[in-house]
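Inspection log for the structure reproduced underneath, given as structure tokens.
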Amino acid sequence: MPGLFCFRLSGFTNRFWAFFSLVCYASILFEVFDLAYVFHIPTLTVCLAGTLILLSGFLTLLWTHERDNRALGLWSLGFSAGALGMVLVSLRDIVPPLLALGFGNGLGISSLGLIWLGCLAFEGERQNGAGFVAVAGGVVWLSLFAIPTFAADLGARIVVASFLYAGYSFLFMPVLLRGQRREPLPARMLALIAFGSHGAAYLIRLPMQFVEPVQLVGGHAPLWYGAMTFGFFLQGLGAALAIFAMVHERATRRYKIASETDALTLLRNRPAFIDAIARSRAGVGGAAPGAVLALVDADHFKQVNDSFGHAAGDSVLVELGRLLNREVPEAAIVGRLGGEEFGVYLPASVVLRQPDLLDDLRKRVSALVVNHEDRLPPITVSIGAASLPSGTLDFPRALARADKALYASKKAGRNRVTWGGWDQKPEDLDPACGMDAPAVLAAPASRSAA
């Protein structure tokens, strides 16, 4: 393991120095062709300040519509602090250095800390001392800037600022990577690139300061410094766009999940259940013969509502949904189709491994205890299952076959599994043996009373 770590570190070091050498050669080439005056540093600073003002305005506007969104609030505060810091830096020739370069850069460094706090909030993470870490960099910068020799030394300021900006930029990486593993969002990758390249650029700036020290002459600096300043402008814009996109993608994803989820049981609703089956059968081996579509219906559910109230009925449905979702294999698909009826789809591979799964589910439901104010009587389910052929699935026909099998289970006394083939006639259905429903909830055989 140590050898592997050294190998990876060595590879990273080689790539870093190769890139650094490329930057040096490019800088020399541009100097030879007298391109050092392409970038005007004060103009770039003003552009960056203006961009941050617009971005902070948009984030603040979003936050005013979602005041309970802590991430948006912190991002708005962070970009606002960065905008104010860049405004002060752009006024370096007008206002005192302590205000322009001291407080200006201090706010810029702290803005990254606040944006990092926003990312923690967005990912639902809490870290001890995170607030202190967020503002510590700005405090360190201001403390150093209060020392006259440090304030007068441009090279020392660039080195310290580079360390602080790079450190805060790399703080984003583990937070965003953990979030991407939990909730994949394309825009989060853009954020990783933006903050990662921001930190890498500041690390490259450290040795460049010794190769070609920065000296401002008429608002111009060495080409590498101007190019990096322009790069920071692009990285800031990219980070803000990534944040906007992350918020939008999460909202879209949640709306999509809500549209596909049954509000009571949190299982798939009917359309989502059908779509999930279609996706499963479209996969490799998913359309093999022997898959099963089963309908699971709570017995005497109307009497539960009438005797104990609709809230008790809801508790029964919730617990039944949890049991079904918990007890089936991962490859199976469970959904609530409406009322007290649930759907279970078992791929052929699951049926081969667990041929008695549906009857096992029936038995587990019989042992289920549902507490609602008082303990409810035992619950049973009737199950109708249809074995499916290979190839493209005619879902309405499959559902009709399972529905007829379910009706046969109800007619035969409930609390049982009835199997129906694809071409089997209703009169040929043979309900498997089960147990009669509890007498306390006895009901007429008609399914309408179920």
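For region 90-122, the list of chymotrypsin sites (Phe, Trp or Tyr not before Pro) that fall in a loop by DSSP and count at most 12 other C-beta atoms within 10 angstrom is empty. Over region 245-354, Cα pairs under 8 Å with separation of 6+ residues give a relative contact order of 35 percent.
Computed packing ranks the peptides 180-188, 106-114 as 106-114, 180-188, most packed first, by mean other Cβ atoms within 10 Å. Between the beta carbons of D374 and A146, assuming R0 = 51 Å, the FRET efficiency works out to 0.15 to the nearest 0.05.
For a straight C-alpha distance cut-off of 22 angstrom, the lysines reachable from K302 (same-chain residues fewer than eight places away being disregarded) are K363, K404, K410, K411. Which shape class applies to region 127-221: rounded if a/c is under 1.5, otherwise prolate when a/b exceeds b/c and oblate if not, where a ≥ b ≥ c are the square roots of the Cα gyration tensor eigenvalues? Since a/c reaches 1.5 but b/c is at least a/b, the shape of region 127-221 is classed as oblate.
Which FRET efficiency, nearest 0.05, do R181 and R364 yield, Cβ-Cβ r, R0 35 Å? FRET efficiency, R181 to R364: 0.60.
Across region 92-200, Cα pairs under 8 Å and at least six residues apart give a relative contact order of 28 percent. For region 48-120 and region 191-244, compute the distance between their C-alpha centroids and round to whole Å. Rounded to whole Å, the Cα centres lie 18 Å apart.
Since every read-out is calculated from the coordinates, none of them should be taken as a lab result. No experiment lies behind these values; they were computed from the predicted model shown. All Cβ positions, glycine included, derive from the backbone under ideal geometry; neighbour counts span all protein chains shown.
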